Amino acid sequence: MSDDSLAIRILTIDDLPAFADVLARAFNLDVTDALTRRDELVFEPERWHGVFDGDELVGTGGLLTRRITVPGGGQTPIAAVTAVGVAPGHRRRGVLTRIMRAQLHGLHEQAREPVTALWASESVIYPRFGYGLGAQFYRSKIKARAAFRPGVELASERVREVGLDQAVPLIKAIYEKEAPQRAGALDRPDAAWEFLFDDPEYRRRDFTALKFAVLPDAYAMFRVKSDWNEEGPCGTLRVVELVATTPQAYATLYRYLLDYDLTITVETNAALDEPLIHILEDPRKMSRPAGDSLWVRLVDVDRALAARRYNAPVDLVFGVRDAFCPWNAGNWRLVTDADGNAEVKRVEDPPDLELDVTDLGAIYLGGTRPSTLAAAGRIKERTAGAVSRATAAFAGDREPSCLESF
């Protein structure tokens, strides 16, 4: 339901205290100087919107200027949606709809980023605005000291724990080498790095401050929570981020973390194709409940589809529905060559496949197969074999993974 008493405008730095207050209340947090400071780290003038009821700020939403790795390698501009919140008492008045419309219509009108993505606090919200489930992850728990299978090769170097100042140059170099190889990974400008390393007390949730374990080809950022019971120590180690550029370094870091003193559990958010389970002697030592990570939205279908590469030559017409961004509705022909490059144009030809723009967002990074959505009744095949050809074309070599929740 829309409320005509509401107005939307671009926020300024002077609005940050009110912004922090709305966002904190929306997510059931206390407003603190540390929370406000974190918001200020990534605040981008002209890209953050506020909805006002008179002089009162009641809704917020921001865009981060980032780049995302797409299938086939390379990175394309993305508007990373963040800090979306509606103050209690002002929900179901159309506040979120106004923010989504300002973001998506503004990106289209200004010919800015062709793709947006977000992490959803509630998974039922954002499909209404064209976002599809583009990547998932495991919330893994591994039993400490779980054995590796025989023959796992470890690095010759010893893992070192270092302070932040020593860790930063190595972490940046390794991440910037690995991120372009993994669909779904974001680049990190200076503000993003500062945001990542910012470590106020409220983010620790009874865990330690960030710790850093490094090798020449890998790093882990982690926290530890001390705990004891009648049987002795029962602490938890939580991996915040682990990146390795060689299999040996990957195995060595996990061996180090699994053997950490006074712990019985290692928690980590893992990609769906995480190698660890295949390193363990007993894969049942690792539980893997799945969760959703990136929700992806194509702002402009033609520019977005042309920005990635494809795994097989294909010539297909997609009949796209898009109620929220009507310029995308219609039939689009995707033609790819042997090198995976694509040409996309609007046509009058009948569609080979019919789908919603949410489904295009879901398959965009290669994490959801068109065949899966067809089996769910979401994609309709109008030409025999079209689903199979689309599935082969959109596939990636690895599952998409985004290490950071923004």
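This table checks each residue for (1) among the aromatic types (Phe, Trp, Tyr); (2) touching a residue at least 12 places away in the same chain (Cβ under 8 Å); (3) part of a helix (DSSP H, G or I); (4) not assigned by TED's automatic domain parsing to the domain that holds Arg182.
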| residue | (1), (2), (3), (4) |
| --- | --- |
| Asp302 | no, yes, yes, yes |
| Gly319 | no, yes, no, yes |
| Asn331 | no, yes, no, yes |
| Gly340 | no, yes, no, yes |
| Pro350 | no, yes, no, yes |
| Gly361 | no, yes, yes, yes |
| Leu373 | no, yes, yes, yes |
| Gly377 | no, no, no, yes |
Scanning the stretch 10-54 residue by residue, those surrounded by fewer than 12 Cβ atoms within 10 Å (Cβ to Cβ), in contact with a helix residue (DSSP H, G or I) (Cβ under 9 Å, 6 or more places away or on another chain) and either within 20 Å of Leu64 (Cβ to Cβ) or of a type in the set (A, V, I, L, M) (or both) turn out to be Ile13, Pro45
Taking the stretch 201-235 only, how many residues are hydroxyl-bearing (Ser, Thr, Tyr), surrounded by fewer than 19 Cβ atoms within 10 Å (Cβ to Cβ), under 24 Å from Arg38 (Cβ atoms) and in contact with a strand residue (DSSP E or B) (Cβ under 8 Å, 6 or more places away or on another chain)?
-> 1
Flag if Val115 is among the β-branched types (Val, Ile, Thr), within 27 Å of Pro370 (Cα to Cα), in contact (Cβ under 8 Å) with a residue 12 or more places away in the chain and touching a Leu at 6+ places or on another chain (Cβ under 7 Å) | yes
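Quick grid of which residues meet (1) surrounded by 14 or more Cβ atoms within 10 Å (Cβ to Cβ); (2) in a helix (DSSP H, G or I); (3) not assigned by TED's automatic domain parsing to the domain that holds Ile279:
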residue	(1), (2), (3)
Ala146	yes, no, no
Leu154	yes, no, no
Arg158	no, no, no
Pro169	no, yes, no
Glu176	no, yes, no
Ala179	yes, yes, no
Residues of the stretch 22-35 being free of Cβ contacts under 8 Å to residues at least 40 places away in the same chain and either outside any loop (DSSP other than H, G, I, E, B) or aliphatic (A, V, I, L, M) (or both), which ones?
-> Ala24, Val31, Asp33
Quick one: which residue in Ser371, Ser388 is farther than 26 Å from Arg139 by Cα, at pLDDT 95 or above and not charged (D, E, K, R)?
-> Ser388
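The values are calculated or read from the model by the stated rules, or taken from the named source; none is laboratory data. Since this is a predicted model, take the numbers as computed values, not measurements. Every residue, glycine as well, gets a Cβ built from its backbone with ideal geometry; the counts of neighbours run over all protein chains shown.
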